Amino acid sequence: MAEERKVLCGANAYDKKYYFNQEFNRIPENIRKELNIICVLFTEEVGGIITFVFEADGTLVIETDAAEEDYYYDEIGSGLLVREIRRTRQELLEALSLYYRVVFLGEDAEGL
């Protein structure tokens, strides 16, 4: 039976809120703060909603969305900023994926 997707964190420009899934409280505080900063800065710059989600296989994906009536949402800027996050935070994203695969999926860390 395949595992379901799990949201790690996200931010919403409409509600001005940041969310961190409490299932991941064992992640070090400095990493949680970095994720908070990434999410909040993203929504401040381009608007909309950003979410970091673990796929069933442990892959960490960054998803963005916007309200249909949000004419200020910068879709092009959103894509560029997500690409920039993936490029500059590649090590962090890979470490989070490894963490998820070991802790939640029970994979052997040495084999990864």
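The values are calculated or read from the model by the stated rules, or taken from the named source; none is laboratory data. None of these values were measured; they are calculated from a predicted model. Cβ placement follows ideal geometry from the backbone for every residue including glycine, while neighbour counts extend to all protein chains displayed. Quick note on the areas: whole protein, heavy atoms, side chains included, nothing else; ligands and nucleic acids left out. Shrake-Rupley method; radii C 1.70, N 1.55, O 1.52, S 1.80 Å.
Peptides 48-56, 101-109, ordered by how many other C-beta atoms sit within 10 Å of their residues on average, highest first, read 48-56, 101-109. The label-point distance for Glu4 and Gln22, in a model that sets each label 7 Å from Cα toward Cβ, rounds to 1.7 nm. For the stretch 69-112, the calculated P(r), taken from all Cα-Cα distances in 10 Å bins from zero up to the bin holding the longest distance, is 25, 29, 25, 16, 4 percent. Annotation: amide H-H contacts under 5 Å for Ala67 (H modelled 1.01 Å from N, sequence separation of 5 or more, or interchain): none.
Counting alpha carbon pairs within less than 8 Å and at least 6 residues apart, what relative contact order, in whole percent, applies to the chain?
Contact order relative to length: 24 percent.
Per residue, the convex hull spanned by the alpha carbons of the chain comes to 113 Å³. Surface composition of the chain: carbon and sulfur atoms hold 49% of the protein heavy-atom accessible area at a 1.4 Å probe. The reciprocal of the average 1/r between distinct C-alpha atoms defines the Kirkwood hydrodynamic radius, which for the stretch 38-102 equals 12.5 Å.
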